Each structure stands twice: as C-alpha cells, then as structure tokens.
Amino acid sequence: MSPIKTKSAAFISWVAQHLNGSELDETAYDLAVLEAEHLEHRKEVTHEEWVEMVRKANEALTRCS
C-alpha cells in the first residue's frame, strides 16, 4: 500500500492564487511559472509538486488559446 501524499501549503496557495479561473493568458502564465520556480528553489514545494504546477499552468494556457 503506497502512502497518500498530501500537497504542501505553498502548492495549495499557488493553485488558489494562479488557477482560480480556468484559463491563463501569457502574462499570467509567466507569473505562475516564475512563482512555481521560486517556491521550488526555496524548497517550499517538492520537485514533483513543481512539475504538477507547471503542467497545470500549461493546461490553463492551452485553454486560453
């Protein structure tokens, strides 16, 4: 049985701040990815969370196109 991994508070906050709508324009995307990079650099999110954040941002940018 694999343990259930919970998301960090920083991850949850990032999602609420950047993905509260369903789409990101290019400027919002850039800000979201930059913030995700800062959070990973400061070790507030794991690398796996960072990858998920970038994927979510990419999906939101795609929906805006």
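Where a number appears in this text, it was derived from the coordinates with a stated rule and is not lab data. Keep in mind that what you see is a predicted model, and the values were worked out from it rather than measured. Using ideal geometry, Cβ is built from the backbone for each residue, glycine included, and neighbour counts are taken over all protein chains shown.
Panel order for 51, 45, by other beta carbons found within 10 Å of each beta carbon, from fewest to most: 51, 45. With r defined as the distance between the Cβ atoms of residue 31 and residue 6 and R0 fixed at 22 Å, what FRET efficiency is calculated, to the nearest 0.05? For R0 = 22 Å, the calculated efficiency reads 0.30.
Principal-axis analysis of the Cα atoms of the chain puts helix 9-18 at an angle of about 10° to the longest axis.
Fewest-first ordering of 18, 47 by other beta carbons within 10 Å of each residue's beta carbon gives 47, 18. Charge dipole (Cα centre; +1 on Lys/Arg Cβ, -1 on Asp/Glu Cβ; no other charges) of the stretch 23-64 amounts to roughly 80 debye.
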